[in-house]
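Undergrad: One structure is given below, represented as structure tokens, and several questions about it will come after.
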Amino acid sequence: MASIVVEDITVDFPIYGSQKSFRKALFSRAVGGFIRRDGPHQNRIAVRALENVSLKLGHGDRLGLLGHNGAGKSTLLRVLAGVYVPTSGRVLIDGRVSPLFNTSPGLDPDDTGYENIVTCGMFLGMTRDEIIRKSSEIAEFSELGDYINLPVRTYSTGMVTRLGFAIATAIDPEIVLLDEGLAAGDARFAERAKQRADALIDRSSILVIASHSEALIRLWCNRALLLDGGQVVMAGGVDEVIDAYSRSSAR
Amino acid sequence: MIPQYDVALADFADGLAAWRIWGRLGWQEIRRRYRRTTIGPFWTSLSLGIFIVVLGFVWANLWNQEPKKYLPFLCAGMLAWNLMQTIINEACIVFIGGESFIKQMPFPYSMLCWSVVWRNLVVFGHNLLIFICVAFYANVPFTTASLLVIPGLAFMIVNGVWIATLLGLICSRYRDVQQVVASLLQIAMFVTPIFFSREQLGRRLGLLTDFNALYHFVEVVRAPLLGQAPAIWSWFILLCVTITGWTATLLIYSRFRRRVPYWL
């Protein structure tokens, strides 16, 4: 049974090589996270992307992350994916994690569609047999037809999007981490993408999605978390958190 | 930073076990470089071959040496040096180049290092063709000592992985190091006995070879190719380098591995 436990994590991004004047400029400006001085002589600059975030998810939980740009949604997703080990605090993850962020890892424009299915699939943790078994289904969903044997650079933008989406959603996941913007395309594709994502989410044990779209969160999630400046403002049911989010946006 | 030895060790073991992935990544990278060319990776071999043949004849003349003796020596040395130099240079960008992977999902980063070593080995395999031609021309003997090229290359591989990890780590944090390494290697090529023999250096400058690990890496590949056994001293130095290198890498990597995504 998959589970996620996040205990009091803080994530600081160090900033290297910024010029003195640039540092000053940074301090006088307010961005999403908090910029702070760090290190023994207060001479290092770090952006605090997440501060004291805790959460607990179990089987069947579908969590929506809400927040303005720079609130820490993507960073939190990447912590859950295991990309970033937090500066302090603990993350315990049980289950196979499938991060579906914006790019397809290893997608190479000079390789054919088929070759890319194999490379990306392997990187996403599929075995060769699994990929071969699924490749025809991927090709069919992405509607590439004979293009599957041509280099990806000859594809239209929509075709690349469809291919990336089809590969990423072909896995059998336990924990799905979704960053919004994965499924972009024309209206007809958006509808088909939704169906495919629905099926993927149904197969999964836990879903965490970061999105600005209240509709999407209402549709897919049963819990929500509102972040602001790297801190948890509110956690709870979808409706109440969305209300708080709309109020903070209106302000 | 609290060291996580288990994480670092597991990274290398899991990285090696994922040979299907790094094998493919390395292979794709080579194909990408030479896409739509007719002779592919043999372009490197061709230019290296011309370099060796032209330089070989001119310098053999310059130093009053027999071309049939000098050419195989230069060729074997250049091939070995080329293998080592490209591994070290590509080591500096192994994590920087893998940013799109590293920021996407967790995986044993050493996979990228195995891939660097592997694809350079493939290029070396292509370049070996030059040596075979030269060997035919110069009647280089094939002896039992020639088989020592296998442990020689094994040393290159085993050390290549820690070099890639360590340099990759340092270079992703301190971006100047890459330039420093490239410049030093450029100079080292002319100081290390590749274009000239160790004996020509004389006794006083012998230090440039005796304690120059780069020389011994070249030597354990070059000597077997020429049908000779490398000196015991070379194996000894490389053994020391392997042990120290891996120990240092494990100590550093176990502390800073988790910082890599933050540095990219």
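The values are calculated or read from the model by the stated rules, or taken from the named source; none is laboratory data. Nothing here was measured: the structure is a model prediction, and the numbers come from that model. In this analysis, Cβ positions are derived from the backbone assuming ideal geometry, glycine residues included, and neighbour counts consider all displayed protein chains.
Undergrad: Any residue in segment B:40-50 that is of a type outside the set (A, V, I, L, M, F, W, C), over 21 Å from the mean Cα position of the chain (by Cα), in a helix (DSSP H, G or I) and more than 24 Å from B:Arg255 (Cβ to Cβ)?
TA: No; the residues of segment B:40-50 include none that is of a type outside the set (A, V, I, L, M, F, W, C), over 21 Å from the mean Cα position of the chain (by Cα), in a helix (DSSP H, G or I) and more than 24 Å from B:Arg255 (Cβ to Cβ).
Undergrad: Answer yes or no as to whether A:Leu66 is at pLDDT 90 or above, in contact with a Ser or Thr (Cβ under 8 Å, 6 or more places away or on another chain) and more than 11 Å from chain B (Cβ to nearest Cβ). Walk me through how you get there before you give the answer.
TA: Details: at pLDDT 90 or above: no; in contact with a Ser or Thr (Cβ under 8 Å, 6 or more places away or on another chain): yes; more than 11 Å from chain B (Cβ to nearest Cβ): yes.
Here the answer is no, as A:Leu66 does not meet what is asked.
Undergrad: Can you tell me which residue in segment A:122-159 is surrounded by the most Cβ atoms within 10 Å (Cβ to Cβ), limited to those that are β-branched (Val, Ile, Thr) and under 26 Å from B:Ile102 (Cβ atoms)? Can you show your working first?
TA: Residues of segment A:122-159 β-branched (Val, Ile, Thr): A:127, A:131-132, A:138, A:148, A:152, A:154, A:157.
Keeping just the survivors that are under 26 Å from B:Ile102 (Cβ atoms) gives A:127, A:131, A:138, A:152, A:157.
Details: A:Thr127: 11, A:Ile131: 20, A:Ile138: 25, A:Val152: 20, A:Thr157: 9.
Here the answer is A:Ile138.
Undergrad: Okay, next question. Looking at segment B:201-218, I want the residues that are within 21 Å of B:Ile163 (Cβ to Cβ) and have a partner that is part of a loop (DSSP other than H, G, I, E, B) and among the basic types (Lys, Arg) with Cβ atoms under 6 Å, at least 6 apart or on another chain. Which pairs are those?
TA: Here the result reads B:Thr209/B:Arg198, each pair linking segment B:201-218 to a residue that is part of a loop (DSSP other than H, G, I, E, B) and among the basic types (Lys, Arg).
Undergrad: Return the residues of segment B:102-133 that are within 14 Å of chain A (Cβ to nearest Cβ) and either free of Cβ contacts under 8 Å to residues at least 12 places away in the same chain or in a loop (DSSP other than H, G, I, E, B) (or both); say none if nothing qualifies. It would help to see each step written out before you state the result.
TA: Here is the first cut: in segment B:102-133, the residues within 14 Å of chain A (Cβ to nearest Cβ) are B:102-109, B:111-112, B:115.
The answer is B:Lys103, B:Gln104, B:Met105, B:Pro106, B:Phe107, B:Pro108, B:Tyr109.
Undergrad: Every residue in segment B:72-101 that is within 14 Å of chain A (Cβ to nearest Cβ) and part of a helix (DSSP H, G or I), please. Please lay out each step first, then the result.
TA: Within segment B:72-101, the subset within 14 Å of chain A (Cβ to nearest Cβ) is B:95-101.
Selection gives B:Phe95, B:Ile96, B:Gly97, B:Glu99, B:Ser100, B:Phe101.
Undergrad: Please work out if A:Val97 is of a type in the set (A, V, I, L, M, F, W, C), more than 24 Å from A:Gly229 (Cβ to Cβ) and facing another protein chain (nearest Cβ under 9 Å). Give the derivation first.
TA: Numbers: of a type in the set (A, V, I, L, M, F, W, C): yes; more than 24 Å from A:Gly229 (Cβ to Cβ): yes; facing another protein chain (nearest Cβ under 9 Å): yes.
Answer is yes for this residue.
Undergrad: I'm told B:Lys69 meets every condition in (1) under 23 Å from B:Val177 (Cα atoms); (2) away from chain A (no Cβ under 14 Å); (3) more than 23 Å from the chain's Cα centre (by Cα) except one. Can you identify the failing condition by its number?
TA: Result: B:Lys69 fails condition (1) only.
Undergrad: Please state which one of A:Ser98, A:Ser135 is of a type in the set (S, T, N, Q) and touching a strand residue (DSSP E or B) at 6+ places or on another chain (Cβ under 8 Å).
TA: Details: A:Ser135 fails: touching a strand residue (DSSP E or B) at 6+ places or on another chain (Cβ under 8 Å).
Step by step, each of A:Ser98, A:Ser135 is checked, and only A:Ser98 is of a type in the set (S, T, N, Q) and touching a strand residue (DSSP E or B) at 6+ places or on another chain (Cβ under 8 Å).
Undergrad: Hey, another quick one. With respect to the numbered conditions (1) closer than 19 Å to A:Asp228 by Cα; (2) buried (at least 19 other Cβ atoms within 10 Å of the Cβ), which one is the sole condition not fulfilled by A:Thr119?
TA: With respect to (1) closer than 19 Å to A:Asp228 by Cα; (2) buried (at least 19 other Cβ atoms within 10 Å of the Cβ), A:Thr119 is out only on (1).
Undergrad: Name every residue in segment B:105-150 that is at pLDDT below 90 and either within 23 Å of B:Leu167 (Cβ to Cβ) or aromatic (Phe, Trp, Tyr) (or both), in order of residue number.
TA: Listed by number, the residues that qualify are B:Pro106, B:Phe107, B:Phe142.
Undergrad: When you check A:Phe101 against the structure, is it touching a helix residue (DSSP H, G or I) at 6+ places or on another chain (Cβ under 8 Å) and over 26 Å from A:Glu191 (Cβ atoms), yes or no? Walk me through it before giving the result.
TA: Working: touching a helix residue (DSSP H, G or I) at 6+ places or on another chain (Cβ under 8 Å): yes; over 26 Å from A:Glu191 (Cβ atoms): no.
The answer is no for A:Phe101.
Undergrad: Can you name the residue in segment B:1-26 that is outside any helix (DSSP H, G or I) and within 16 Å of B:Val260 (Cα to Cα) and, of all such residues, is farthest from the other protein chains (Cβ to nearest Cβ)?
TA: So the first thing to find is which residues in segment B:1-26 are outside any helix (DSSP H, G or I), and the list is B:1-4, B:18.
Subset that is within 16 Å of B:Val260 (Cα to Cα): B:1-4.
Values: B:Met1: 11, B:Ile2: 11, B:Pro3: 13, B:Gln4: 9 Å.
Here the answer is B:Pro3.
Undergrad: May I pose another question? How many residues, within segment A:69-91, are surrounded by fewer than 21 Cβ atoms within 10 Å (Cβ to Cβ), more than 19 Å from A:Tyr245 (Cα to Cα), within 11 Å of another protein chain (Cβ to nearest Cβ) and among the hydroxyl-bearing types (Ser, Thr, Tyr)?
TA: 1
Undergrad: Can you name every residue in segment A:157-196 that is within 15 Å of A:Arg62 (Cβ to Cβ), at pLDDT 80 or above and not acidic (Asp, Glu)?
TA: Result: A:Ile175, A:Val176, A:Leu177, A:Leu178.
Conditions (1) more than 15 Å from the chain's Cα centre (by Cα); (2) of a type in the set (A, V, I, L, M, F, W, C), marked per residue:
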residue	(1), (2)
B:Glu90	no, no
B:Phe95	yes, yes
B:Gly98	yes, no
B:Gly125	no, no
B:Leu129	yes, yes
B:Ala135	yes, yes
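Undergrad: Sticking with this one: Which one of the conditions (1) outside any helix (DSSP H, G or I); (2) surrounded by 22 or more Cβ atoms within 10 Å (Cβ to Cβ) does B:Gln65 fail to meet, given that it meets all the rest?
TA: Going through the list (1) outside any helix (DSSP H, G or I); (2) surrounded by 22 or more Cβ atoms within 10 Å (Cβ to Cβ), B:Gln65 breaks only (2).
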